[in-house]
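Presented below is the structure to which this report refers.
Values in this text are rule-based calculations from the coordinates and carry no lab data. Note that this is a predicted model, so its numbers are computed, not measured. Backbone-built Cβ (ideal geometry, glycine too); neighbour counts: all protein chains shown.
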Amino acid sequence: MEITQDFEKLSEIKKDSIINFERTREVEKVFPSSKKSEVVLLKSGVVRKHYINGGDRCHDVEALKILGQSEYFPTLYAFEKNDYFYMQRAKGESLLDISNSKESVDVDEIYEKILVAFGQMVSVGYLDNDMKIEHIFWDNSTKKLTWIDLELCQKIYLKDPLNYIFRNFEKIVDELNDYFKSNLQLTGVKEYFKQILIN
Ligand SMILES: Nc1ncnc2c1ncn2[C@@H]1O[C@H](COP(=O)(O)OP(=O)(O)OP(=O)(O)O)[C@@H](O)[C@H]1O
Ligand SMILES: [Mg+2]
């Protein structure tokens, strides 16, 4: 297993829970996940994702090595290539759950943060092909947004990716408008991505 620099900053309890997981299996809860992977929350609060049939087509680790440094993505702590990895738990609840609950949130504020997070992803040359509100966590008390599941977050190889990027962003905004009955507009967004691509 490889560990990251952020692993070193963890509490001893969290470090131990990662190092000794195979032996102790101290799981607090199992998240509902696809047939491809198993995602669990350790008692220490760390999240572990394990690919059941190997993860050679899964990009989480590669993407989190870069994006995990950003406040909008989970920090990566340790990993075994194509097998499993450990990361920070996203605070709050998914936007899908929030939209189905009675909790009232400021959708404009959430939108602004999604735009910044999306911009950061584009600025390092990546795009998530599985972006959905289910994968965006929001903690309303701290206003923290965390974007999870980067399994399909891949390097963009297109020569002129602006329209592709814009269409992907449009999809998530459409989803937000559907679920939160909001009327978010895409004014200036294309120009914003264009500037990011130039820099
Ligand atoms: N870092 C995290 N913090 C909190 N919860 C997480 C985290 N990562 C995953 N989860 C929970 O585990 C679930 C499954 O994780 P993820 O989406 O990465 O796996 P998956 O196998 O691709 O699942 P699916 O295909 O259903 O999206 C998420 O929907 C979420 O509830
Ligand atoms: Mg997923």
For segment 100-159, build the charge dipole from Cβ charges (+1 Lys, Arg; -1 Asp, Glu) around the Cα centre, then report which of Ile148, Ser104, Val124 sits farthest towards its positive end.
Val124
Identify the chymotrypsin sites (Phe, Trp or Tyr not before Pro) of segment 135-194 meeting these criteria: DSSP loop state and at most 15 other C-beta atoms within 10 Å of the C-beta.
Tyr157
Could you give the length gained on full extension between Tyr157 and Gln185, defined as 0.36 nm per residue of separation minus the Cα-Cα distance, in nm?
7.3 nm
Per-residue [θ]222 nm for the chain (sum of -39500 (n - 2.57) over DSSP H runs n ≥ 4, rounded to 500)
-11000 deg cm²/dmol
Kyte-Doolittle mean at least 0.5 and Cα axial length at least 20 Å: DSSP H helices in the chain
107-123
Taking 22 Å as R0, compute the FRET efficiency from the Cβ-Cβ separation of Glu80 and Asp6 and round it to 0.05.
0.85
Per-peptide average of other Cβ atoms within 10 Å, ordering 42-50, 28-36, 170-178 highest first
42-50, 170-178, 28-36
Taking the simple approach of a point 7 Å from Cα along Cα-to-Cβ for both Asn199 and Ile13, what is their distance in nm?
3.9 nm
On each of the three principal axes of the Cα atoms of the chain, give max minus min coordinate, whole Å, ordered largest first.
52, 43, 32
